[in-house]
Amino acid sequence: MNEKIPAYLYEKKNSITMILFTALFALLFINLFQPFGSREWYPGVSDTKYFAFSSLIILTGMLVVVISRVILTYRSKQHSILYWHYGLWILAEIAAMSIFYTLFAQFFPKDGVTRDISESFRQSLYNTALVLLLPYAISWLYFSWKEKSALLEHMGQEKGVDGSPKMLIAFADEKGELKISIATENLLYIESADNYATIHYLNKLKLSHYLLRNSLKRLEEHLVDTSLVRCHRSYMVNMDRVKILKKEKGGIMLELDEQNTPDIPVSKTYYESFMQAFSRYTV
């Protein structure tokens, strides 16, 4: 909840797409399900006039979302938007639209039909939540899929300095959300502690690291058929970066070809599987 929301949730282009989709969804929802007992307010009105009239109401109500998203986009440039901020923001949008529709139901002429304001607000809150939350959820899934597809396409188009395809490895958290992609040649080793893994890599020739919420076991399953090999309960190592394998009193230690990196141990549990992998890298 204290993490920043993805940028695609407040980008201008995506915000416009979401507003238009929400407006279309609301229009179909109002005319198909006719919530608030709205069709009974105007029994003599034709379906065509009701459609036009409801469209005008929806477009007016959607101004709340338009104003809200403009403010959100502007605020994102000044401050980080966390998940709990975004959740409260959506609740505020629902409350604001509910108040608008409640006031409209109370004060707009309706052929003598009277309604209790608290009941109107309760119904308005329920239906407004449906009108906003469903298209918001669909939009979120679509934007997430679009973002991941773009990243995968970009990864496939990356080239190394010699013009050959550059292989990037994507790392996702325990929820399956893509967090970082790193070129295989820049990966050094992964160190694990409980349900977190620290990925050590080179960034512009400098040692860097990224803390990922995921277990080493899950990462190992994901990294099958790559140069990253499990060698210890707490370590995976990039075999392409191993410079020296040496046997010491405490067991086998791996020395990487990058300065200021620690020697990586090979434990008895992973010795056989590691040596099988190591044999593929020896002449």
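The values are calculated or read from the model by the stated rules, or taken from the named source; none is laboratory data. Computed from a predicted structure; not experimentally measured. In this analysis, Cβ positions are derived from the backbone assuming ideal geometry, glycine residues included, and neighbour counts consider all displayed protein chains.
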Just checking: which of the strands (runs of 3 or more DSSP E) contained wholly in the range 178-262 hold 1 or more residues that are under 25 Å from GLU272 (Cα atoms) and of a type in the set (Lys, Arg)? 228-232, 242-248
Limited to the range 217-252, what total is found for residues that are among the aliphatic types (A, V, I, L, M) and under 15 Å from SER267 (Cα atoms)? 5
Looking at ALA105, is it in a helix (DSSP H, G or I), of a type in the set (A, V, I, L, M), at pLDDT below 85 and surrounded by fewer than 14 Cβ atoms within 10 Å (Cβ to Cβ)? no
With (1) touching a residue at least 40 places away in the same chain (Cβ under 8 Å); (2) within 24 Å of the chain's Cα centre (by Cα); (3) closer than 24 Å to ASP257 by Cβ as the list, and TYR201 as the residue in question, which single condition is left unmet? (1)
Flag if LEU88 is more than 14 Å from PRO6 (Cα to Cα) and assigned to a helix (DSSP H, G or I): yes
Six or more apart or on different chains, Cβ atoms under 8 Å: show the pairs whose first residue is in the range 261-283 and in contact (Cβ under 8 Å) with a residue 60 or more places away in the chain and whose second is among the hydrophobic types (A, V, I, L, M, F, W, C) and surrounded by 17 or more Cβ atoms within 10 Å (Cβ to Cβ). THR261/LEU188; ILE264/CYS231; ILE264/VAL237; ILE264/LEU254; ILE264/LEU256
So how many residues does the range 36-85 have that are at pLDDT below 80 and surrounded by 11 or more Cβ atoms within 10 Å (Cβ to Cβ)? 20
